[in-house]
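Structure record follows, encoded as structure tokens.
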Amino acid sequence: MQKFVITSEGVFKYGNVRMHKDLLAAQDRCIGGGFYEFDYVSNSLLLSGKSYDFGKPKWNRIDVLKLPSAFQGLTIRYEGEDVSQFLQVQFV
């Protein structure tokens, strides 16, 4: 399944994995996760749900969300809300 996690450093990690924990390196601390999909019609990355192990993303624990530079130009939405409205988004 297409899953994502957010690390305590604000790094967005994603992939087609069975378990959210499979996205994490040994030193990573996870502050939540969920599911993702690309909406090419609205040019958005849609994030939703929660990780069974880590819960919903705890956005209040980070100041900057760090996404791959390939995502630049996409609107990042979690549960329909534009993430850039409550968090600084950085493309690395």
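Coordinate-derived values only; no laboratory data. As the structure is a computational prediction, the values presented were derived from the model and not from experiment. All Cβ positions, glycine included, derive from the backbone under ideal geometry; neighbour counts span all protein chains shown.
A residue that is out of contact with any Gly (no Cβ under 7 Å at 6 or more places or on another chain), free of Cβ contacts under 8 Å to residues at least 24 places away in the same chain and within 18 Å of T75 (Cβ to Cβ) occurs somewhere in the range 10-21. Among residues of the range 64-92 that are free of Cβ contacts under 8 Å to residues at least 24 places away in the same chain, those with a beta-carbon under 7 Å from a residue that is surrounded by fewer than 18 Cβ atoms within 10 Å (Cβ to Cβ) at least six positions away or on a different chain give the pairs S69/F91; S69/V92; Q72/F91; D82/T75. Just to be sure before I move on: is S51 of a type in the set (S, T, N, Q), surrounded by 12 or more Cβ atoms within 10 Å (Cβ to Cβ) and in contact with a Cys (Cβ under 9 Å, 6 or more places away or on another chain) in the structure I sent? Against the criterion (of a type in the set (S, T, N, Q), surrounded by 12 or more Cβ atoms within 10 Å (Cβ to Cβ) and in contact with a Cys (Cβ under 9 Å, 6 or more places away or on another chain)), S51 qualifies.
Candidates in the range 2-23 are the residues that are touching a Lys or Arg at 6+ places or on another chain (Cβ under 7 Å) and in a loop (DSSP other than H, G, I, E, B); of these, the one that is surrounded by the most Cβ atoms within 10 Å (Cβ to Cβ) is G10. Tell me yes or no: at least one residue of the range 39-48 is crowded, with 20+ Cβ neighbours inside 10 Å, more than 11 Å from Y78 (Cβ to Cβ), of a type in the set (G, A, S) and touching a residue at least 12 places away in the same chain (Cβ under 8 Å). For the range 39-48, residues crowded, with 20+ Cβ neighbours inside 10 Å, more than 11 Å from Y78 (Cβ to Cβ), of a type in the set (G, A, S) and touching a residue at least 12 places away in the same chain (Cβ under 8 Å): absent. Summed over the range 64-80, the residues that are more than 13 Å from the chain's Cα centre (by Cα) and outside any loop (DSSP other than H, G, I, E, B) give a count of 2.
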